[in-house]
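Student: Sending over a structure as structure tokens; questions will come in a sec.
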Amino acid sequence: MTSEAHGTEGKNEVGHTGMETDVVIAGAGPTGLMLACELRLAGADVVVVERLAERTGESRAGGMHSRTLEVLDQRGILDRFLAVGELQGVGHFSGLRLEFDEFESRHPYPLMILQSTIEQLLEEWAAELGVRVRWSSEVSGIRQDETGVTVELGTAQSAPATLRARYLVGCDGGRSTVRKLAGIDFPGTPATMTSLIGDVELPDLPEDYIWGRRCPGGDYSVIAFEPGWYRLITTEHGRVADRDEPTTFEQLRDSLIRIAGTDYGMHSPRWVSRFSDAARQAARYREGRVLLAGDAAHIHFPAGGQGLNMGVQDAVNLGWKLASVVRGQAPESLLDSYHAERHPVGERVLHNTRAQAALARPGAHSDALRDVFASLIVFDDVNQYLRGMLTALDIRYPADCDHLLAGRRVPDADLKTTDGATRVHELLHGARPVLLDLRGSAHVVAAAEGWTDRVDIVEARSEDDHWPVPAVGEVPAPSALLIRPDGHVAWAAGAGGASDTSALRAALTTWFGPASRG
């Protein structure tokens, strides 16, 4: 990754209006890095600006769910993450155990991996793709016009500078400067609790692993990430800290003593922070040439570990669309589908995390509610519903096609081609759309002639007659399907084939622009 600092390479004078890059991304966290990589794969030029001077090393979020693992598999980089993370066979909904099903995905289990490691691996991938990053560069102003956006940058080392781009994407966290400068409202519900989190040593802990323990004064969790040190989280309901109040190791120790009656001999903190159950979502994910993704678009109680995953999936939904518009292959209206598809996903996560926070509250009424909920979660249908929601495997975007696969993420079915065996997700390594012909349907291939410059046409045979679909069950393998770069199905034909390809042409036009001439 090209690392730049203002005052050296790439410095620009204030007021410079020449187009310097296609997209500026504010924020070099997992969402910003994933988006940068998606844009580069699609041929767009991108600059990432980050207010920090360097990585802090703070561990932060601690895992990835199935759909995010599938997304990484679609890009051919999943092995890098599996090599350093640890798969867990169970998950939870507000501390109540969830079982995962190997039938639903090649990667059914959560991967325990720290955000700091995720960022390191994404940085390495971004470097391979030629992503440029400017550190110590904080967005201080934005000016939009008909052709682009001017991004003003304040730096600690030099005079203010600007970048000129076609679009700006704010991936700069829950207190997003980009969101505020764009005038996008951030409605929601305020905090009702305070949680403290730290990576510490606990020599007197009697167990290696505590998923969650509820006590009269709150609850706490201890998770063993590496030998000798632990992720400790305490939550005290009814205590709301000032957002700007510093967080200290002593606060974490005192909180654990109040809840558990002991500090388990905790010492040597590597990192201490604080979060709450405040839940807010951007009223719109796009304002002209400015878009939002990740925590800049939504914040919530981190129950079930959904935040980082949702941000990465925001990036994968947006990246190919933004690149298509930048390259002039698709109309700007395609960007409206980003809000239409991802805003409801964010709403659902805010809703389920509020429910988890309510289930976690101490007291007789919450105890009774948890008992009832625990008796329901053992039923397969309930477990499946909650599992699909947390993993995001059950997401279905609006689609004009009425096939059961339309709008859903494509199953990673085994295929046989003239070049040998492969999988559906391997076809997406290049982040390009794929028209997959599974029945040798010449009329389907002919219908896509005007899009062969931007859509890969693959002829194969499915190794299975039926494909597993989360929240649905098994469906007959289709005869053909159009797969978007993010792995969602834009169009599909039934097992018996499709004689009318007008719906295919409509889907190609909607998602990938009008057909090429000549």
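The values are calculated or read from the model by the stated rules, or taken from the named source; none is laboratory data. Owing to the predicted nature of the structure, the values given are computational and were not obtained by experimental measurement. Virtual Cβ from ideal backbone geometry, glycine too; neighbours counted across all protein chains shown.
Student: How many of the residues in region 404-442 are buried (at least 16 other Cβ atoms within 10 Å of the Cβ), part of a loop (DSSP other than H, G, I, E, B) and acidic (Asp, Glu)?
Tutor: Result for region 404-442: 1.
Student: So is LEU292 in contact with a Phe, Trp or Tyr (Cβ under 7 Å, 6 or more places away or on another chain), surrounded by 21 or more Cβ atoms within 10 Å (Cβ to Cβ), within 26 Å of VAL46 (Cβ to Cβ) and of a type in the set (A, V, I, L, M) or not?
Tutor: Yes, satisfied.
Student: Could you tell me whether region 156-173 includes any residue that is among the β-branched types (Val, Ile, Thr), closer than 24 Å to SER276 by Cα, assigned by TED's automatic domain parsing to the domain that holds LEU33 and touching a residue at least 40 places away in the same chain (Cβ under 8 Å)?
Tutor: no
Student: Same structure, new question: Residues of region 385-403 being in a loop (DSSP other than H, G, I, E, B), modelled with pLDDT of 95 or more and among the charged types (D, E, K, R), which ones?
Tutor: ASP394
Student: Looking only at residues in region 182-201 that are crowded, with 21+ Cβ neighbours inside 10 Å and either over 27 Å from ASN352 (Cβ atoms) or touching a Cys at 6+ places or on another chain (Cβ under 6 Å) (or both), which one is modelled with the lowest pLDDT?
Tutor: VAL200
Student: Of all residues in region 239-256 being over 30 Å from the mean Cα position of the chain (by Cα) and surrounded by fewer than 15 Cβ atoms within 10 Å (Cβ to Cβ), which is farthest from CYS215 (Cα to Cα)?
Tutor: Result: GLU250.
Student: Could you check region 233-270 and list, in sequence order, the residues that are at pLDDT 90 or above, aliphatic (A, V, I, L, M) and over 23 Å from ASP367 (Cα atoms)?
Tutor: Result: LEU252, MET266.
Student: So GLU347 clears everything in (1) within 30 Å of ALA42 (Cα to Cα); (2) surrounded by 17 or more Cβ atoms within 10 Å (Cβ to Cβ) except one condition, right? Which one?
Tutor: Single failed check for GLU347: (2).
Student: Restricting the search to region 233-284, which residues are part of a loop (DSSP other than H, G, I, E, B), touching a residue at least 60 places away in the same chain (Cβ under 8 Å) and not basic (Lys, Arg)?
Tutor: Scanning region 233-284 gives TYR264, GLY265, MET266, SER276, ASP277, ALA278, ALA282, ALA283.
Student: Residue under question is ALA340, and the condition is that it be part of a helix (DSSP H, G or I), under 24 Å from LEU292 (Cα atoms) and either at pLDDT below 95 or small (Gly, Ala, Ser) (or both); does it hold?
Tutor: Taking the combined requirement at face value, the residue satisfies it.
Student: On to the next question. If you scan region 331-374, which residues turn out to be of a type in the set (D, E, K, R) and under 14 Å from LEU390 (Cα atoms)?
Tutor: GLU347, ARG348, ARG354
Student: Moving on. Taking VAL382, is it in contact with a helix residue (DSSP H, G or I) (Cβ under 9 Å, 6 or more places away or on another chain), assigned to a helix (DSSP H, G or I) and surrounded by fewer than 20 Cβ atoms within 10 Å (Cβ to Cβ)?
Tutor: Judged against the criteria, VAL382 is a match.
Student: For region 438-450, indicate whether the set of residues that are assigned by TED's automatic domain parsing to the domain that holds ASP486, under 26 Å from LEU72 (Cβ atoms), under 30 Å from the mean Cα position of the chain (by Cα) and not β-branched (Val, Ile, Thr) is non-empty.
Tutor: No, because not a single residue in region 438-450 is assigned by TED's automatic domain parsing to the domain that holds ASP486, under 26 Å from LEU72 (Cβ atoms), under 30 Å from the mean Cα position of the chain (by Cα) and not β-branched (Val, Ile, Thr).
Student: Could you check region 326-336 and list, in sequence order, the residues that are assigned to a helix (DSSP H, G or I) and either without any contact (Cβ under 8 Å) to a residue 40 or more places away in the chain or outside the structural domain of VAL169 (by TED's automatic domain parsing) (or both)?
Tutor: Matches in region 326-336: GLU332, SER333.
Student: Residues to consider are ASP101, ASP73; find the one that is modelled with pLDDT of 95 or more and of a type outside the set (Ser, Thr, Tyr).
Tutor: On inspection, the qualifying residue turns out to be ASP73.
Student: Shifting gears a bit: When you go through (1) polar (S, T, N, Q); (2) surrounded by fewer than 23 Cβ atoms within 10 Å (Cβ to Cβ); (3) under 11 Å from the mean Cα position of the chain (by Cα) one by one for GLN313, which number turns out not to apply?
Tutor: (2)
Student: Applying the selection to region 443-462, what residues are within 16 Å of ALA42 (Cα to Cα), not acidic (Asp, Glu) and not in a loop (DSSP other than H, G, I, E, B)?
Tutor: Of everything in region 443-462, just one residue is within 16 Å of ALA42 (Cα to Cα), not acidic (Asp, Glu) and not in a loop (DSSP other than H, G, I, E, B), namely TRP451.
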